1. Percent of accessible area on the protein assembly as shown owned by carbon and sulfur, 1.4 Å probe?
2. To the nearest 10 Å², what's A:Lys207's accessible area with a 1.4 Å probe?
3. Scale the Cα Rg of the stretch A:127-181 by the rule-of-thumb value 2.2 N^0.38 Å and send over the ratio, two decimals.
4. Which residues' amide hydrogens lie under 5 Å from the amide hydrogen of A:Ile225, considering only partners 5 or more residues apart or on another chain, with H built in the peptide plane?
5. What is the extension gain from A:Ala26 to A:Leu214, computed as 0.36 nm multiplied by their sequence separation minus the C-alpha to C-alpha distance, in nm to one decimal?
6. Given a 1.4 Å probe, show me the residues in the stretch B:128-160 buried by at least 40 Å² of accessible surface when comparing the whole protein assembly to the chain alone.
7. List the accessible area buried at the contact between A and B, summed over both sides and calculated with a 1.4 Å probe, in Å² to the nearest 100.
8. Under 18 Å from a point placed 7 Å out from the Cα of B:Thr115 along the Cα-to-Cβ direction: which residues of the stretch B:166-204 have their backbone N that close?
Amino acid sequence: MSVPREEARVIPISAAPSFEQPDPVAELLALIRRRITGDYEVDEFGYDAELTDKVLLELIRPLYNHWFRVETVELKNVPVEGGALIVANHSGTLPFDALMMQLALHDEAGRPLRLLGADLVYQLPVLSHLSRKTGHTLACREDADRLLRGGELVGVFPEGFKGIGKPFSDRYKLQRFGRGGFVASALRTGVPIVPVAIVGAEEIYPKIGDLKSLARLLGLPYLPITPLFPLLGPLGLVPLPSKWMIEFGEPIRTDDYDPSAADDPMLVFNLTDHVREVIQQMLNELVLRRGYAFPPFM
Amino acid sequence: MTHTVLVTGVSRHIGARVASVLAAAPDISRVIGVDTVPPPSLTRDGGISLGRTEFVRVDLRSPDIAQVIAAADVHTVVHMSLVSAPSRSGGRTAMKEHNVIGTMQLLGACQRSATVRRVVVRSTTAVYGSSPRDPAVFTEELEPHDGPSHGYAKDAVEVEGYVRGFARRRPDVTVSLLRFANFMGPGVESPLTRYFTQPVLPTVFGFDPRLQFVHEDDAVEVLLRMATEDHPGTYNVAGAGVLLLSQCARRAGRPSLPVLSPAFKVLGNAARRMGLVEYSPEQLRLMCHGRAVDTARLEAELGWKPKFTTGAAFDDFLRSRGLRPFGGVRT
C-alpha cells in the first residue's frame, strides 16, 4: 500500500492533535495496580525494568544529583544501541560506583546497564534479588555472552574485590584485572569495549584499616575501618560527599578479530593490559581535572 | 506406516493425555499404556479418556516390561513415568526405585528389542539444580557447578545417565531426552500447584527466585511430536519468559510469608512429617536461586514455539482454580 508523501512524515507523538499529557496521578495508580496484581514483565535474568526505573533509581537519584554531584564526560562514546562492554575501575568499599554508573547511563544515555557481579552477591539474601531485579547477573561466560548477543550494555569491574576493597593509600591505582574473561567475551561477540574512569568513589569510605579475622568469620572479603566506621556506628555508614566524575573513553573495537581469537590467551592478555592502561591513563587525567575531592575546602 | 507406541506413566495426568492424543493419531496402530496403578476412573476423579489405549498394569521395577515390549512389537517408547514426590505409603526409597530401577528395566528391555526404533524420555530442568554460582539461563550442554544431590532431581540426573548410555549402545535408535520445566495448567496436580493454592505462601526471606512453567497442552504437543517424528537429542522445554515467585504470589492473590532460610528448612521438614506438603532440600534451593532455561534448540528443531508463555500458563492455572489477584481480575 502506498501512502501519500506528505502524510508519511514522522511527527512526535506529543505533537499529535489527539495527544494529551498523561495524568501523573492516574499513572501512579496504574503503576501501583500493576505492581499489586503482578502484571509486569521481568526478563530471563530477573530484570524488572519497571521497578528499577520507576522506584529504585528514583531513590538513588538525590544521591547522584545532590550528594555526589556526579558529572559525566564524553557520554557520546557510549554506543546508542547494540551490545557493548563497559569496563570501569572499582572503588569505595561499598559498590556505590556501580549504582552511580547505572544511573548515569540510564538518565543520560537512555540505556539500562547490566552489570556482572561476584557470586557472593547472589548468595546473600536481599542483595541477590535486588541485584537481579535491577538488571545484573553473575559474572560468568554464559551470562555475559548471552547479554552481549542480545544487544545489551554490559558492565564489568575486572578488579573485583581487590579494587573495591583496596586501602585509601592505593586510591586511583588500578589493581590486577582478573583473568581477562571480559575481553574474551567481547571478542566472541564482537562488541566494542568502552573504558570508563570513575573518580570520586575512592573518597566515600576512606579505608584505613581492615578487620580481617572478623571478616573471615562473617564470610566477607573485607571489613573496613574508615575514619567514621565503626567509630560512629551506623552514622559511619553515611558515605562522604565527595565530588564525582565519570568519563567514558573511546570504544576499543573487537570486531576486527575473529571470534576464535577469544581462545588465544596471549591476545586476550595483551588486550586486557591495553584496556587497563587506557583506564589508568583516563583516571590520572580525570583526578587532576576534578581537583579537590571535597570542594571548596580540600 | 503404522506402528505401536508404548507409553509409561499413563495413570498420571500428562501421561494420560499423551496416550489419548497418540491413540487418536491416524498412523499409530496401537497404543499400550503401562503404569503401576490403574488410571483414575473417568467418572469419579476427572480421569482422561485414554481412547483406544490398551492398559497394562506393570510394575516397572520388575522385568515384566520386557515381555510387554517383546509381545507387542513396540516401535516407539514414551517414558513418562518419573515420580516427582515420594508417595505417602512408599516413601523416598520406593520413589527412587521406581524412577531409577524402573528406567533401567525399561531401557534394558528396549536394548534387547529388535523392533524399538524411537525412545522418548521425560526428564526435568531440575537436573540443572539451582545455585548462586551457575549462569542465569541454562542451555542443554551446560554442566552445572552444583548439580542436584537430593530427591527427584538426583533421580532425573541418574535416569539421564542411563538414557545416554542406552543411546550409545543402540545408535540405531532415535533417543529424545526432554527436560521439562514445571508443568502448569488446569489439570496439573504437583507439589508446586498445591503450593500455590495454599492460603499463605511461605517464601525464603531475601530471595525471589525466577520460575519457569510449561503449559500442559504444550507439553503434550511436544511429546506427541517427539513420539511421531525423529528428533534425536536433549531439549529444554519451557514457556517463554520467567515469573518471579513474588509475582506469582501477587497474581494468585496470596500473601507471602518470608521465612529465614534455616527456619524454612525446619518448617519444611516438619510439614513433610505431618504429611502437609512434600518438601526436599532441592526445593529450598529452588526457592532461593530459581532457574531458567533456554529453549532455542527445541524451537529450531521443531520449527514451533510453545503456545503458552510461562506467564500465560500460570494465568491459565489460576483461572482454573479460581485464584485472582487482590482487587480483582487483571486486565
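1. 58
2. For A:Lys207, the solvent-accessible surface is approximately 20 Å².
3. Normalised Rg, Cα atoms only: 1.34.
4. For A:Ile225, the qualifying residues are A:Ile208, A:Gly209, A:Asp210, A:Leu211.
5. Details: separation 188, 0.36 × 188 = 67.68 nm, distance 5.05 nm.
Result for the pair: 62.6 nm of gain on full extension.
6. B:Pro132, B:Arg133, B:Pro135, B:Ala136, B:Val137
7. 2300
8. Under cut-off, by backbone N: B:173-174.
The values are calculated or read from the model by the stated rules, or taken from the named source; none is laboratory data. From a predicted model like this one, the values you see are computed outputs, not experimental measurements. Note that each Cβ is placed from the backbone with ideal geometry, even for glycine, and that neighbours are counted across all protein chains shown. We work out accessible area using only protein heavy atoms, side chains counted, and drop any ligands, DNA or RNA first. Shrake-Rupley method; radii C 1.70, N 1.55, O 1.52, S 1.80 Å.
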